[in-house]
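The values are calculated or read from the model by the stated rules, or taken from the named source; none is laboratory data. Source: prediction; values computed, not measured. Using ideal geometry, Cβ is built from the backbone for each residue, glycine included, and neighbour counts are taken over all protein chains shown.
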Amino acid sequence: MLYELATLTLKLHTIPRALPRLAEYSNSPNTAGRLLGCWETEHGVIITRLLVLRAFEDAQQLTHERDRLFRSHSPFGIGEFLESFTAETYLQFPFLEAPIRPGTYGPVYEFRTYRLQVGSLEPTMAGWAKAAPERTQLYPLTTVMYATDGHPRITHIWPFPSLDERLVIRRKAVEMGIWPPENGPESIAHATSTIAIPTSISPLN
């Protein structure tokens, strides 16, 4: 299973009009892949942004959809509202044997992306495999994935009951000595964190 995380930058105040069209595009029989999540960014860069997560059965399906997307005069079915977009390809860490499953986990999500030091992906994955079982007892993990294009990097997505609970859970994990994972901080070259809220069309909410 391959995953695509797309960042859509929209014109101001157009998200309410764009969402129905994005849903129609995602559910069309002509569109490859399966919509897993669609979030509006809340903290971070102050622009109108959507984060869209999709799953693909294999590289051929993803490549076909990506080619169609980049050739389209109206990417994601919302061309008139789009200022720009990026689409990144990911694989889940090997210890996550199950695919990402839609459901209600939030309603607050955090997207953390770490650009890695050269050659540090394998140690990073080993540390996560060891630490994640205890960490996810505090609250579940949506996914942790590594990029197959661009800079070596990972993205992990965490749901939280609220922003306040996010702080409580993160502090507790550190106090318990179960987080951050082994080989984690020393492998990070650059890190970003984005808080996002599921939209009305998001299967992950």
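Things worth noting here:
The rows are residues; the columns are (1) over 20 Å from the mean Cα position of the chain (by Cα); (2) surrounded by 14 or more Cβ atoms within 10 Å (Cβ to Cβ); (3) not acidic (Asp, Glu).
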{"site": "HIS151", "(1), (2), (3)": "no, no, yes"}
{"site": "ILE157", "(1), (2), (3)": "no, yes, yes"}
{"site": "PHE160", "(1), (2), (3)": "no, yes, yes"}
{"site": "ARG171", "(1), (2), (3)": "yes, no, yes"}
{"site": "ILE188", "(1), (2), (3)": "no, yes, yes"}
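- Residues that are among the basic types (Lys, Arg) and in contact with a strand residue (DSSP E or B) (Cβ under 6 Å, 6 or more places away or on another chain) within the range 140-186 comprise ARG153, ARG166, listed in sequence order.
- Members of the range 80-91 found to be buried (at least 17 other Cβ atoms within 10 Å of the Cβ), touching a Ser or Thr at 6+ places or on another chain (Cβ under 6 Å) and of a type outside the set (Ser, Thr, Tyr), listed by number: PHE81
- All positions within the range 1-30 that are closer than 15 Å to PHE85 by Cβ and either under 14 Å from the mean Cα position of the chain (by Cα) or not aliphatic (A, V, I, L, M) (or both): GLU4, LEU5, ALA6, THR7, LEU8, THR9, LYS11, THR14, ARG21, TYR25, SER26
- Subset of the range 96-113 that is of a type in the set (A, V, I, L, M) and in contact (Cβ under 8 Å) with a residue 60 or more places away in the chain - its residue that is nearest to ASP58 (Cα to Cα): ILE100
- The selection criterion, being of a type in the set (Val, Ile, Thr) and either in the same structural domain as ARG21 (by TED's automatic domain parsing) or assigned to a strand (DSSP E or B) (or both), holds for THR113.
- Being of a type in the set (Phe, Trp, Tyr), touching a strand residue (DSSP E or B) at 6+ places or on another chain (Cβ under 6 Å) and buried (at least 18 other Cβ atoms within 10 Å of the Cβ) is a condition met by no residue of the range 71-79.
- Residue in the range 172-181 that is touching a Pro at 6+ places or on another chain (Cβ under 8 Å), more than 23 Å from ALA98 (Cα to Cα) and among the hydrophobic types (A, V, I, L, M, F, W, C) present: yes
- Scoring LYS130 on the criteria (1) touching a residue at least 60 places away in the same chain (Cβ under 8 Å); (2) closer than 20 Å to THR142 by Cβ; (3) among the charged types (D, E, K, R) leaves a single failure, condition (1).
- Cross-chain or 6+ apart pairs with Cβ under 7 Å, the range 29-50 first and over 23 Å from LEU163 (Cβ atoms) and modelled with pLDDT of 95 or more, then assigned to a strand (DSSP E or B) and not β-branched (Val, Ile, Thr): ALA32/PHE56; GLY33/GLU4; GLY33/ARG54; GLY33/ALA55; GLY33/PHE56; ARG34/ARG54; ARG34/ALA55; LEU35/ARG54
- Criterion (in contact with a strand residue (DSSP E or B) (Cβ under 6 Å, 6 or more places away or on another chain) and under 20 Å from GLY103 (Cα atoms)) met by exactly one of GLU88, GLU83, GLU4: GLU4
- Filtered by the rule that a residue be in contact with a Leu (Cβ under 9 Å, 6 or more places away or on another chain), among the aliphatic types (A, V, I, L, M) and in a helix (DSSP H, G or I), the range 130-157 gives a lone residue, ALA132.
- Hits in the range 190-205 - residues which are exposed (fewer than 15 other Cβ atoms within 10 Å of the Cβ), under 17 Å from HIS43 (Cα atoms) and not hydrophobic (A, V, I, L, M, F, W, C): THR192, SER193
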